[in-house]
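One structure, pasted below without further comment.
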Amino acid sequence: MAKKEIQKDQKDKKGKKDKKTVNVGILGFGTVGSGTARILVENAELLKGRLGFPVVLKKIADLDISKDREIALGKGVLTTDSRQVTDDPDIDIVVELIGGLGVARELMLRAIKNGKHIVTANKALLAEHGQEIFEAAKKYGVSIGFEASVGGGIPIIKALGEGLIANRINYVYGIVNGTSNYILSKMTDEGVEFSKVLKEAQELGYAEADPTLDVGGADSAHKLAILASLAFGIPLSYKSVYTEGITGITPLDIAFASELGFKIKLLAIAKAADGQVELRVHPTMLPKDYLISKVDGVMNAIFVNGQETGDTLYYGRGAGDMPTGSAVVSDIAGIAQRIMSGAPPKSGLAAVNISGAPMGIRPMEDVESMYYFRFAALDRPKVLSRISGVLGENNISIASVIQKGRKEGEAVPLVILTHKAREKDVRRALKKIEGLRAVVTGKNCLIRVEGEE
Ligand code: HSE
C-alpha cells in the first residue's frame, strides 16, 4: 500500500472506532415508513442490545408531516425537506420508502452520490432501474439493502443470498402479491366475480385505489425479476418476464379448476434448465393438495428449490407496515454492523451470483407447461373432434375433457386439460380454434397448469 493509502486506511479505521451510533434518515412517512419508524423507536433498546450500539432515527422527510402516526419521535425529526435526509453529513443510512420510479429514483441517486448507504422497499425501482442504482452504489462505495422489496416480512432475500449460498438454484416460484391472492381466495370461497371482490378489497383497504400493478401482475413481475437475479445471477430482467394478471379469471374457471382437483393462484415462476431461465407471472392451476395451494388471503409464500437442499418454503405477510418495517430494519441493522466493523459495502446483486455459468432467458414461446382451455363451443356433432383435431395437429395431447349443460343452438363450456405442450404450439392452435365457426371468439380461456403429469 502506498503511504497515502495507508494514512487514509488508518484514518478510516480511526473514524469507525470513534463512531458511537449509526444515524438513519427516512424518505417517505407512509405505511412502511411508519412501521419502520415505530420499530426503530419502540425496539431501540432491543436493537442496541443485539447490535452493541444504538441506531438513531435522525430525520423523516415527507410532504405530510401533520398527520399523527402515534410514534414518539424526538423534536425536529420530521421535515418536509428531503435534502435534510439526503444531504445531512451525519446521516449514514438513507431509507427510501416513497415508492414509484420518479422522485424515489432521483433522491436515491442523490443520496448515493452523497455517500449514503441505502435501504429500500421499492421493487419497481429496483426491477426497472436496478442496474443504474447498483452501478452508482458500486461507484460511490455504498451498500444497498432491499430485503423489504419482496415478500414483506419474509426474509427471502437473505435466504437466497446467504442461507442458500451453497446451492445451485433449480427454481423459485411463489405467491408474491397479497392483493391478488386475497381476491382469488375470496372468489374461490364465495364464488363471486372479480370486479365485486376487487371493490370490496378497495373498501377494506386491501387493494390500492389504482390496483393495476397488483391485479395486472406487474408487481409480481418486479419481485420475480429481483428473485431471479439473486437466484440465477442474471441481470435484472423485468422486461423479459412474461406477465398476465388475474383480471380475466371467472368464478366458472375457479369451479372447473376445483372439479379437476386444482386451485388457481397468481404465481411468479423462475425455472432454470439447459442454461436458460424462464420467467413468468400468470394465473396458474395447482393441485389442491400442494402446500402453496393452501396459502390464502393476503399471505405470501415462496418456494426455492436448491440442488443441495431440495424444496424450501418461506411463508408470511407480504405487505403491511410492521412486517415490511421489520424487513427494512433488518437491512438497517446489517448495514450498521458493516459500518461499525469497517466491512466493505455490499452493493447488491452481483455479489450473490450463486448459479455458476451465465444464463440466458428462455423466450415464452419455448416454455412448456400443461394447459387448461375453456372454449365456448356450440353443442353439436363433430365440434369436439374438430377442436381435438387442431390440438393434435399442433402436438398438443389431451389429458381430459369436461362438457356440461346443453342449450340448443347456444354455446356451452367445453373444458380441455392437456399434457405438457409448448407455448408456441398452443398459441398457434388457439388461433385456429378461435377461427372455427362452432367456437365463440373472445369467450375462451387459457390457464397454465403446474404439477405432476
Ligand atoms: N401491493 C403489494 C401486495 C404490497 O399486494 O402484495 C407489497 O409489495
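Being among the aliphatic types (A, V, I, L, M) and buried (at least 24 other Cβ atoms within 10 Å of the Cβ) is the filter; apply it to region 118-132 and report the residue that is nearest to the ligand (Cβ to nearest atom).
This residue is Ala121.
Now a separate question. Say whether the condition of being surrounded by fewer than 16 Cβ atoms within 10 Å (Cβ to Cβ) and either among the charged types (D, E, K, R) or assigned to a helix (DSSP H, G or I) (or both) is met by at least one residue in region 170-189.
yes
Which of (1) closer than 27 Å to Glu278 by Cα; (2) part of a helix (DSSP H, G or I); (3) free of Cβ contacts under 8 Å to residues at least 60 places away in the same chain is the odd one out, the single condition Arg427 does not satisfy?
(3)
For the subset of region 195-205 comprising residues that are surrounded by 19 or more Cβ atoms within 10 Å (Cβ to Cβ) and at pLDDT 95 or above, which member is nearest to the ligand (Cβ to nearest atom)?
In this case the residue turns out to be Leu198.
So if I check each of Val241, Val176, which one is touching a residue at least 40 places away in the same chain (Cβ under 8 Å), farther than 29 Å from Ser34 by Cβ, within 16 Å of the ligand (Cβ to nearest atom) and not aromatic (Phe, Trp, Tyr)?
The unique qualifying residue is Val241.
State whether the residues of region 197-211 include one that is farther than 22 Å from Ala255 by Cα, hydrophobic (A, V, I, L, M, F, W, C), touching a Ser or Thr at 6+ places or on another chain (Cβ under 7 Å) and not in a helix (DSSP H, G or I).
yes
If you scan region 206-237, which residues turn out to be in contact with an Asp or Glu (Cβ under 7 Å, 6 or more places away or on another chain) and crowded, with 24+ Cβ neighbours inside 10 Å?
Across region 206-237, the qualifying residues are Asp214, Gly217.
Residues that are outside any strand (DSSP E or B), closer than 21 Å to Arg338 by Cβ, under 29 Å from the mean Cα position of the chain (by Cα) and modelled with pLDDT of 95 or more: does region 59-70 have at least one?
Scanning region 59-70 turns up no residue that is outside any strand (DSSP E or B), closer than 21 Å to Arg338 by Cβ, under 29 Å from the mean Cα position of the chain (by Cα) and modelled with pLDDT of 95 or more.
Looking at the structure I just gave you, is Val94 under 24 Å from Pro344 (Cα atoms) and either within 16 Å of the ligand (Cβ to nearest atom) or polar (S, T, N, Q) (or both)?
No; evaluated as a whole, the condition is false for this residue.
Which ones in region 399-437 are buried (at least 19 other Cβ atoms within 10 Å of the Cβ) and touching a helix residue (DSSP H, G or I) at 6+ places or on another chain (Cβ under 6 Å)?
Selection gives Val415, Glu423, Ala429, Ile433.
A further question follows. Got a number for residues in region 142-156 being away from the ligand (no atom under 13 Å from the Cβ) and either out of contact with any strand residue (DSSP E or B) (no Cβ under 6 Å at 6 or more places or on another chain) or over 23 Å from Ile118 (Cβ atoms) (or both)?
Qualifying residue count for the region: 1.
Another question, if that's okay. Mind telling me which of the residues Asn444, Asn394 ends up being closer than 20 Å to Gly248 by Cβ and not assigned by TED's automatic domain parsing to the domain that holds Gly245?
Asn444
Test of understanding: among Ala228, Ala218, Ala209, which residue is farther than 17 Å from Thr309 by Cβ and either away from the ligand (no atom under 16 Å from the Cβ) or among the polar types (S, T, N, Q) (or both)?
Answer to the check: Ala228.
Now for a different question. With respect to Ala104, is the statement that it is at pLDDT 95 or above, among the aliphatic types (A, V, I, L, M) and either out of contact with any Phe, Trp or Tyr (no Cβ under 9 Å at 6 or more places or on another chain) or not in a strand (DSSP E or B) (or both) true?
Considered against the rule, which asks whether it is at pLDDT 95 or above, among the aliphatic types (A, V, I, L, M) and either out of contact with any Phe, Trp or Tyr (no Cβ under 9 Å at 6 or more places or on another chain) or not in a strand (DSSP E or B) (or both), Ala104 comes out as yes.
The values are calculated or read from the model by the stated rules, or taken from the named source; none is laboratory data. The structure presented is a predicted model; accordingly, all values stated were derived computationally and were not measured. FYI the Cβ positions are ideal-geometry reconstructions off the backbone, even for glycines, and counts take in every protein chain you see.
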